[in-house]
Amino acid sequence: MSDAGAPMSYLTLQPGTPVRASDGTEVGTVEHVLADADADIFDGLVIDARGGGHRFVDAPQVAEIAEGGVTLTLDAAGAERLPEPSENPAELGAHPDDSAESELTRKLRRAWDYLSGRY
């Protein structure tokens, strides 16, 4: 158990929960949890960033969810570079023959749909 308290499930995360970088810097608060609860799949978070705006945190970038908040695997500088959820996110490393939507693109689109009220 870390200084953040007892571990918790993503299912219990509430909007407004503090989000901290790996160095302890508070980088924002939870805006929305992206998950498929029926399949028990945690996709990530949309956070309300300290510098303003929303940012997408992919599930592998979440180190811990605990009573005292969420801790990321990223330091504060890395957290500042998190992408904004967008309706048409850029696809990194896309090949012209690729027809399938990337996992990151799907997650960013889902975050955008939530923020824009389509979710």
(request) Just subtract the alpha-carbon distance of L104 and A77 from 0.36 nm times their residue separation and send over the number in nm, one decimal. (result) 7.7 nm
(request) Work out the FRET efficiency for S22 and D113 from their Cβ-Cβ distance, taking R0 = 22 Å, and round it to the nearest 0.05. (result) 0.15
(request) Determine the sum of side-chain charges near A4: Lys and Arg each +1, Asp and Glu each -1, restricted to other residues whose C-beta is under 15 angstrom from that of A4. (result) -4
(request) Note the full-extension length gain between D3 and D36 as 0.36 nm times their separation in residues minus their Cα-Cα distance, in nm to one decimal. (result) 9.0 nm
(message) Tell me the net charge near I41. Cut-off is 15 Å between Cβ atoms, I41 excluded, with +1 for each Lys or Arg and -1 for each Asp or Glu.
(response) -3
(request) Take each of the peptides 76-85, 4-13, average the number of other beta-carbon atoms within 10 Å over its residues, and list them starting from the highest. (result) 76-85, 4-13
(request) Just need log10 I(q)/I(0) for the stretch 10-85 at q = 0.21, 0.25 Å⁻¹, Debye formula, equal scatterers on the alpha-carbon atoms, no solvent, rounded to two decimals. (result) -0.82, -1.19
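Only the coordinates and a few stated rules stand behind these numbers; no lab work does. In this text the structure is predicted, and so the values were computed from the model without any measurement. Quick reminder, even Gly has a Cβ in these numbers, built from the backbone with ideal geometry, and neighbours come from all protein chains shown.
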